[in-house]
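Encoded as structure tokens, the structure appears first; notes follow it.
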Amino acid sequence: MSLASRLLVAVLLTLGTGHVSGPAQAADRPASASLSDLQAHVKGTAAKVLPAVVNIASTVVVRDQPFGDEGLPFGLFQDQSPRRQHGQGSGVIVTPDGYIMTNHHVVANATAVEVLLGDRRQFKGRVVASDPKTDVAVVKIAATGLPTVPWGDSSKLAVGDFVLAVGNPLGLNQTVTFGIVSAVGRADVGIADFEDFIQTDAPINPGNSGGALVNIRGELIGMNTAIASASGGSIGVGFAVPSNMCRAVMQSLVKTGRVVRGFLGATTQDVNPLLGKLFKLPDVKGAIITDVLPEGSALKAGLKRGDVVVRFDGKDVTDSGRLRNFVGSAPIRSRHRLDIIRDGRSDQVELVIQEAPGDRQRGMPSPVVAGTPTHPLRGLQVEEVAPSVGRHLGLGSKTSLLVAAVEEGSAAEAAGLLVGDVLLEVNRKPVPDLRTYQQLTDLIRPREPALLLIERQATMLYVPIEGE
């Protein structure tokens with residue numbers, strides 16, 4: 001056994017002893033004894049957790065549409081016989097009186113839920129409430145004196161921490177896998193609206209969803225939720241919802257049947273290297289404010305378009321997802337300090353959290369005068385839309401500028417500009433009309449980058465364009 005391996009074993013062996021063995025002590029310990037003790041510790045943890053992890057079988061009634069959504073003409077075969085689809089997942093008992101936490105996608109639209117305990121007892125389950133935005137759901141069974149998994153503090157997790165994933169993968173009940181925390185704070189996975197995933201290499205497979213991710217002490221630090229795999233099987237990249245998020249969502253679901261979330265009242269985007277340079281940021285991180293909504297928390301805090309939020313109550317804001325998680329999990333009417341960078345200078349504002357309103361949408365228009373060779377906006381055609389037309393397109397009562405065409409192979413295309421984008425600013429200056437746009441673009445020198453603010457599908461975005 002290598003020295004590094006012996007050191008890792010020594011750290012594990014000291015759990016519960018109140019101290020960590022030094023290198024000499026770890027090296028002096030016989031390798032066979034160290035491995036035996038480690039195995040006993042993992043076995044003990046698994047034995048504690050297994051009784052509280054359940055199998056959840058759900059039934060969903062579906063109606064087939066063999067000829068597509070519109071069916072056959074003249075109403076033939078419109079009333080297809082319903083059939084039942086069955087799915088399986090996992091759940092974690094978190095209270096002795098039968099509250100079970102699982103994934104929303106395990107029980108979504110279920111007409112019947114069956115819960116199989118580790119001791120082979122079977123119960124009918126009732127879906128108390130569900131939150132698709134975090135993929136967390138709560139199921140209740142009529143039982144008492146049940147085994148539970150104690151809550152752990154997921155905020156204390158670090159890359160390299162040992163974890164066990166417990167669940168029912170591929171229908172194989174009571175399965176335990178072992179690995180480490182590969183990453184924390186994953187917010188770019190694309191599974192849920194609010195993401196702060198723990199990534200682990202402990203093998204996770206279909207059926208593990210809703211199961212427990214526990215630390216070496218047997219504390220619940222996450223709920224297994226998804227895998228990244230082209231084949232559908234484990235390749236060592238699994239994701240779990242952190243326990244702190246699970247616990248807050250579950251408490252809200254049980255108490256009110258819904259999740260009350262904080263709302264920033266602004267739209268944001270992530271920082272990339274070019275945006276970091278143009279906004280004079282010290283690091284390539286933060287959340288750029290692209291629009292401030294009327295009467296929202298951000299407006300009352302004094303936030304402005306172009307501000308970059310870099311810390312929330314002293315915690316780093318690495319990207320928009322992290323800021324959304326901080327704000328969404330904060331209590332309504334609580335006060336928080338935001339560290340921002342405005343025009344290259346550091347500043348602070350106080351944000352009072354408001355409750356998130358219902359989702360609002362606005363229609364998006366389509367079609368649109370050009371740049372010169374070597375200019376960063378070369379190949380970008382812009383058209384002015386009169387207020388009378390703009391109102392029909394959902395653009396309001398002011399003159400608007402729309403991107404009408406983007407030349408193939410141009411810097412504008414490489415930056416991701418699309419036909420139909422509404423152009424609002426050039427280099428942080430408003431462009432209310434075509435004349436102003438032309439004046440501002442004439443000031444941009446060849447091969448100098450340009451920064452545009454656009455609106456796309458009711459979302460504000462800064463788009464940096466490299467000089468050609």
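The values are calculated or read from the model by the stated rules, or taken from the named source; none is laboratory data. Computed from a prediction, not measured in an experiment: that's the story for all the values here. Cβ placement follows ideal geometry from the backbone for every residue including glycine, while neighbour counts extend to all protein chains displayed. Please note that ligands, DNA and RNA were not included when accessible areas were found on the heavy atoms of the full protein model with its side chains. Shrake-Rupley method; radii C 1.70, N 1.55, O 1.52, S 1.80 Å.
Structure data summary
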item: Rg [Å, one decimal], Dmax [Å, integer] - the range 100-215, C-alpha atoms; result: 14.8, 41
item: Residues in the range 445-468 reached by a label modelled at V419 [backbone nitrogen below 20 Å; 7 Å Cα→Cβ]; result: 454-458
item: Under 22 Å from K315, Cα to Cα: lysines that are on another chain or at least 8 residues apart; result: K156, K280, K285, K300, K304
item: Computed over the range 252-347: relative contact order in percent, which uses C-alpha pairs under 8 Å that are six or more apart; result: 30
item: Nearest-0.05 FRET efficiency for T436 and Q457, computed from C-beta distance (R0 22 Å); result: 0.35
item: Q85 versus L170: modelled label distance in nm, points set 7 Å from Cα along the beta carbon direction; result: 2.2
item: Where N is the number of residues in the range 215-346, Cα Rg divided by 2.2 N^0.38 Å; result: 1.26
item: Computed accessible area, T290, all protein chains, 1.4 angstrom probe, square angstrom; result: 0
item: Average accessible area per residue (Å²) across the range 205-316 - probe 1.4 Å, nucleic acids and ligands excluded; result: 40
item: Cα convex hull of the range 133-285 - mean projected area over all directions, nm²; result: 11.8
item: Most to least accessible of F279, F326, F178 (protein chains only, probe 1.4 Å); result: F178, F326, F279
item: The range 264-310: relative contact order in percent, alpha carbon pairs under 8 Å with at least 6 residues between; result: 42
item: Proximal aspartates and glutamates relative to K140, as straight alpha-carbon distance under 17 Å, when same-chain residues fewer than 8 apart are discounted; result: D97, E114, D131
item: Candidate lysines for bridging to K133, where Cα separation is under 20 Å - those fewer than 8 sequence places away on the same chain excluded; result: K255
